[in-house]
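Please treat every number below as a calculation from the coordinates, not as lab data. Computed from a prediction, not measured in an experiment: that's the story for all the values here.
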Amino acid sequence: MSSRIVLGNVTIDRDSFKVWVGDEPIELTFVEFELLCTLARNAGKVIPRSRLLLAVWKERSTGEDRKLTVHISRLRKKLRGSNRWRIETVTKRGYALTPVPESTTGRGLGSGGGRLRGRRPARSNTF
């Protein structure tokens, strides 16, 4: 299994614990890095909050925990330079790393909340 994951202009190297958007290195915390790797390995799939909490923090969800939401928000901000993938919030389910349709690839990561209700995205956060 390769230690490198490439999604659009985002490159993740698990061996060196480094991430680049294009040629720009991005500084991520351990938690942000693990979240990004988990989402990237499962690109296109909805990852439940409980699974992300277990994968990164090795703990079960208490239902009131906001730390995942905060770290996803920080990760979106740091990956603002990419425009081909987005971290979407899927209401009452979790998060998904999904490709951005060609007609919207000009939108940056900071353009909105990235929340999905049913099938229709309300806003998108792309990277």
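Can you pick out the pairs among LYS18/LYS78; LYS18/LYS45; LYS67/LYS92 whose Cα atoms lie more than 21 Å from each other? As for pairs spanning more than 21 Å Cα to Cα, those are LYS18/LYS45.
Multiply the residue gap between SER50 and ARG4 by 0.36 nm, knock off their C-alpha separation, and tell me the result in nm, one decimal place.
Working: separation 46, 0.36 × 46 = 16.56 nm, distance 2.55 nm.
My answer for the length gained is 14.0 nm.
Taking amide H positions as modeled 1.01 Å from N, with prolines and chain starts lacking one, the residues under 5 Å from ASN9 and 5 or more places away or on another chain are ASN83, ARG84. The length gained by stretching the chain between THR69 and LYS92 to full extension, at 0.36 nm per residue less their Cα-Cα distance, is 7.0 nm.
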